[in-house]
1. At 1.4 Å probe size, put 188, 108 in order of accessible surface, largest to smallest.
2. Local charge sum around residue 184 (other residues, Cβ-Cβ under 12 Å, Lys/Arg +1, Asp/Glu -1)?
3. Can you tell me the length gained on complete extension of the stretch residue 129 to residue 114, counting 0.36 nm per residue apart and subtracting the Cα distance?
4. Which net charge results for the neighbourhood of residue 125, defined as the other residues with beta-carbon distances under 15 angstrom from its beta-carbon, given Lys and Arg at +1 and Asp and Glu at -1?
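The values are calculated or read from the model by the stated rules, or taken from the named source; none is laboratory data. Keep in mind that this is a model prediction, so the values were computed, not measured. Every residue, glycine as well, gets a Cβ built from its backbone with ideal geometry; the counts of neighbours run over all protein chains shown. Note: areas computed on protein heavy atoms with side chains; ligands, DNA, RNA excluded. Shrake-Rupley method; radii C 1.70, N 1.55, O 1.52, S 1.80 Å.
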Amino acid sequence: MIGKLTRRIALVVVGALIAVLAVAGVNMNGFNPFQSIRTDRSQPALLKSIKDVSQYHAAIGNFEVVVDVEDGAGWMPDIIAGRRTLFVAAGTVNTYVDLSGLADKDLMLSPDGKTVTVRLPEAQLDRPNLDHDRSYVFSQARGVLDQIADAIEVPQQAQFFKLAETKITTAAEESELRKQAQDNTQAMLTGMFSRLGLQVTFLDN
């Protein structure tokens, strides 16, 4: 019994000594018992499926928005409860023209075979692709109760990403992205048909 107790005491003493040396920065030939080691046992990524696409991705818009959200607590003063968050979000919006929608009536060759008339589908906007590395909480003012709540449970930022996505979508809809994508698609097709010796005319939708 005494022998077991002695060994336990010795292990505690040795552990404490190593901890003191490590904190003091003593170089024990590179040995640090408290150094964390990460082992990656993840499985390789598997390709689940391949989907054919017939879209010409014609333009990409880069956007940045500052989301300013204030959550109050009714009658309680801001110093007690409530928060105001400034969240900076950055992302891109891809614009494409889906050429799979072209029908025979949308692609007509002249009788002499020298001119082709094309009616293109309207350009479409993809959902915003937010860059998480460039999106962050810039500042946040919190009441005392909110500070206590955050100390207990880490606040989630998903709501800010969702709101930023909505605002970027609106900005993309109001921008010239669709027109730019339409122009780029026409330029691409003009070059392609010209190499075939054809002149191209585009009809309005």
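1. Details: 188 55, 108 85 Å².
Final ranking, largest accessible area leading: 108, 188.
2. On the way: positive: 178, 179; negative: 176, 183.
In short, 0.
3. Values: separation 15, 0.36 × 15 = 5.40 nm, distance 4.19 nm.
1.2 nm is the gain from fully extending residue 129 to residue 114.
4. On the way: positive: 127, 167, 178, 179; negative: 98, 122, 126, 165, 173, 174, 176.
With Lys, Arg at +1 and Asp, Glu at -1, the net is -3.
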